[in-house]
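Encoded as structure tokens, the structure appears first; notes follow it.
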Amino acid sequence: KWPIPEDAKRELAWWKDRTDGVGIANALRQKHAWIHKNAIGRPHGHGGGHTLPDHAILLDSGIGELRRQIARRLERGADSEQTEQLRAMDRCLEGLSNHCRLAARAARRKAEEIASRAGLEEGDVLCRRLLEAAENCEAVQSGKPQTFPQALQLLFFSNHADYMNNPGDANSFGRIDQ
């Protein structure tokens, strides 16, 4: 058994038994979740599986560098099929970057909302965590992750985007230990 760092133990203790009302935010998706659960919403008849994203490409380069690489490749010229694929990849990365920006904004707003309430015991801790999350989201919006929390944040967003594109298939992060 690996030793758990003290800061990780504190984090785990803070989250223990917390629910915070987390659930499916999209009411329509929640109402029709049974469709995907029973594989009815998957025309290929497949009830689960996996995708194999190469996380290292995204984590080593970052969103901004990957977009620059795509732009350079488009400048050199490509056939119509390659051009279409490169533009699609760039749109996906642009969406991921925008998601990072919007998540940072939401975290900052929530921190301000919590900070404005008086008498919250956990307010300072939660505000600090939200502001750190916002900083991490802003950092990976166009740059490559520089810290472990930034890498985890980008990995989470990437997996979420994969899941939105492949419901049921991107249900895990894969072998991120490799």
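The values are calculated or read from the model by the stated rules, or taken from the named source; none is laboratory data. Here the structure is a predicted model, which means the values were calculated and not measured. All Cβ positions, even for glycine, are placed from backbone atoms using ideal geometry, and neighbour counts span all protein chains on display. Accessible surface is based on the protein model in full, side chains and every heavy atom, while ligands, DNA and RNA are left aside. Shrake-Rupley method; radii C 1.70, N 1.55, O 1.52, S 1.80 Å.
The table that follows gives values for the structure above.
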{"item": "Two-site FRET efficiency, Arg91 against Leu152, from Cβ-Cβ distance with R₀ of 30 Å, rounded to 0.05", "result": "0.75"}
{"item": "Accessible-area composition of segment 71-136, carbon plus sulfur, in percent [1.4 Å probe]", "result": "48 percent"}
{"item": "Label-point separation, Arg68 to Arg109 (7 Å along Cα→Cβ), nm", "result": "3.2 nm"}
{"item": "FRET efficiency, Asp54 to Ser116 (Cβ-Cβ, R0 45 Å, nearest 0.05)", "result": "0.60"}
{"item": "Per residue accessible area in Å² of segment 72-146, where ligands, DNA and RNA are left out and the probe is 1.4 Å", "result": "69 Å²"}
{"item": "Projected label distance in nm at Ser61 and Asn98, using a 7 Å step from Cα toward the beta-carbon", "result": "2.1 nm"}
{"item": "Exposure of Glu11 as accessible area (Å², to 10), given a probe of 1.4 Å and all protein chains", "result": "70 Å²"}
